[in-house]
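Engineer: I have a structure here, written as structure tokens, and I will follow up with some questions on it.
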Amino acid sequence: MSELTAKYVDGLYEDLRDPIEAAAYLNAAVEDGDQQGFLLALRDVAEARGIAQTARSAGLNRENIYRMLSATGNPQLASLKSLLHSLGLRLSIEADLLQPTLPRNTETILAESSESYHTAES
């Protein structure tokens, strides 16, 4: 590893020790939509905090963390949640307000309501 690369990695890891910075880093990886990129970003966060300590805290073994956070990793949700919790982070889902959608049966209800209204008018 070159000196410049080592300085970059050291600086990145220092930033990723802060849970707010780590969350922003992981959210950016999620927004990219690439599972491999997200897993490697999560690996950066775990390495910044220390893989051995993270593994103990998560109740996982170190080798399993490396495997699940590899480019070909496919972690179970429970393992992912445990790992995130050990890093002081959590998984969260939020509504995409830019793409409003109606619940699946809403269109049927609206159509039936409209039909009832038109029938009542007749």
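Engineer: Report ³J(HN,Hα) in whole Hz for each residue of region 30-45, in order, from the Karplus equation J = 6.51 cos²θ - 1.76 cosθ + 1.60 where θ = phi - 60°; Gly and Pro get x.
Structural biologist: 5, 4, 5, x, 10, 4, 4, x, 5, 4, 5, 5, 5, 5, 4, 5
Engineer: Further question on the same structure: Kindly state, as a whole number, the per residue volume in cubic angstrom of the convex hull around the alpha carbon atoms of the chain.
Structural biologist: Working: hull volume 17.9 nm³, N = 122.
For the chain, the hull spanned by Cα atoms encloses 147 Å³ per residue.
Engineer: Which whole-number percent gives the relative contact order of the chain, counting Cα pairs below 8 Å spaced six or more residues apart?
Structural biologist: The value is 20 percent.
Coordinate-derived values only; no laboratory data. Since the model is a prediction, treat every value here as computed from it, not as a measurement.
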